[in-house]
Amino acid sequence: MSRLALDAPPLVVVFHALDLEVARVRAPGWRVLRCRPEELASPSVPTLAWIRTGMGVEAARRAVDAIPDVPIQAALCTGFAGALARDLTPRMLVVADPLLDADGRTQATPLAALLAETAHAAGLACRRGALVTVSRVADTPAKKARLHDELGALAVDMESAVLASALAARGIPAAAARVVLDTAEEEIPGSLAALWRRPGLLVSGVRIAARMHPCARISARLLEAWLGGPFGAAQRQAEPQGRDDCEAEQADGR
């Protein structure tokens, strides 16, 4: 079980599948770093730690399993999602409430309400509703429509429900906020083989790739608003000190 030390500096863990989903977070009073799951340590100052899981449900599960028993105040699942609802457009945030797996089983997200309020207060376009996690890429409009019709989900990803379930088992409160990268009507290249069979998908892939950095910046803005609000002015005044075994530098797109 994870321990939550009320008198310890807060530690917020942000999970993402790919480095392309990360943009620089500017949060006065907070140390922002990247590390591998097994390197996570109790902080000496308020800290946000980015952890890259890799893509897919198994990678997500392994990432949480590798985290040591350290006090974690909150965990957020971020990155990109594919829209299932036709009225969602690129760069919109979807705050998961609830999370679903492909069989429709639900996973609660206890921080969803506060995260959605933070997004709205920051002026970010945001919808709160069901987000489904699947094991295979929903790469065609037909697959997206089927998920929407069967489960009523707003958007789809490949990690969040597994992450939230594993975190809940360790007593760590979590939320998921994904940024829409592709619309419900867009087909995406799900693999290199798909591009080989249908070279025309390359145009769609280039168009969607051009959205990645702006979408990553939406996640960063949400995190900046989150760190600037819910955890208090006193924590924001703390000065980062020292180093640990994690990588402390940030870089856009790394």
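The values are calculated or read from the model by the stated rules, or taken from the named source; none is laboratory data. Everything numeric here is computed off the predicted structure, so don't read it as measured data. All Cβ positions, even for glycine, are placed from backbone atoms using ideal geometry, and neighbour counts span all protein chains on display.
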**Request:** Using the structure shown, decide if E187 is farther than 18 Å from A125 by Cβ, charged (D, E, K, R), at pLDDT below 95 and in contact with a strand residue (DSSP E or B) (Cβ under 7 Å, 6 or more places away or on another chain).
**Result:** no
**Message:** Considering only region 160-174, I want to know if a residue exists there that is under 20 Å from the mean Cα position of the chain (by Cα), at pLDDT below 95 and of a type in the set (K, R).
**Reply:** yes
**Message:** Here is a check on your reading of the model: is V32 in contact with a Phe, Trp or Tyr (Cβ under 8 Å, 6 or more places away or on another chain), at pLDDT below 95 and either among the small types (G, A, S) or assigned to a strand (DSSP E or B) (or both)?
**Reply:** yes
**Message:** If a residue counts only when it is surrounded by 17 or more Cβ atoms within 10 Å (Cβ to Cβ) and either touching a Lys or Arg at 6+ places or on another chain (Cβ under 7 Å) or of a type in the set (A, V, I, L, M, F, W, C) (or both), which helices (runs of 4 or more DSSP H) contained entirely in region 76-174 have at least 3 such residues?
**Reply:** 112-121, 160-169
**Prompt:** Is there a residue being within 19 Å of W226 (Cα to Cα), touching a His at 6+ places or on another chain (Cβ under 8 Å) and touching a residue at least 60 places away in the same chain (Cβ under 8 Å) anywhere in region 15-29?
**Reply:** yes
**Item:** Boolean, D65 is in contact with a helix residue (DSSP H, G or I) (Cβ under 8 Å, 6 or more places away or on another chain) and either surrounded by 23 or more Cβ atoms within 10 Å (Cβ to Cβ) or of a type in the set (D, E, K, R) (or both)
**Value:** yes
**Sole exception among (1) surrounded by fewer than 18 Cβ atoms within 10 Å (Cβ to Cβ); (2) over 16 Å from the mean Cα position of the chain (by Cα) for L18, by number** = (2)
**Request:** Answer yes or no as to whether A177 is under 16 Å from the mean Cα position of the chain (by Cα), at pLDDT 90 or above and assigned to a strand (DSSP E or B).
**Result:** yes
**Message:** Here is a list: I218, I208. Which entry is at pLDDT below 95 and either surrounded by 13 or more Cβ atoms within 10 Å (Cβ to Cβ) or under 20 Å from the mean Cα position of the chain (by Cα) (or both)?
**Reply:** I208
**Prompt:** Considering only region 43-62, how many residues are surrounded by fewer than 17 Cβ atoms within 10 Å (Cβ to Cβ) and out of contact with any strand residue (DSSP E or B) (no Cβ under 7 Å at 6 or more places or on another chain)?
**Reply:** 7
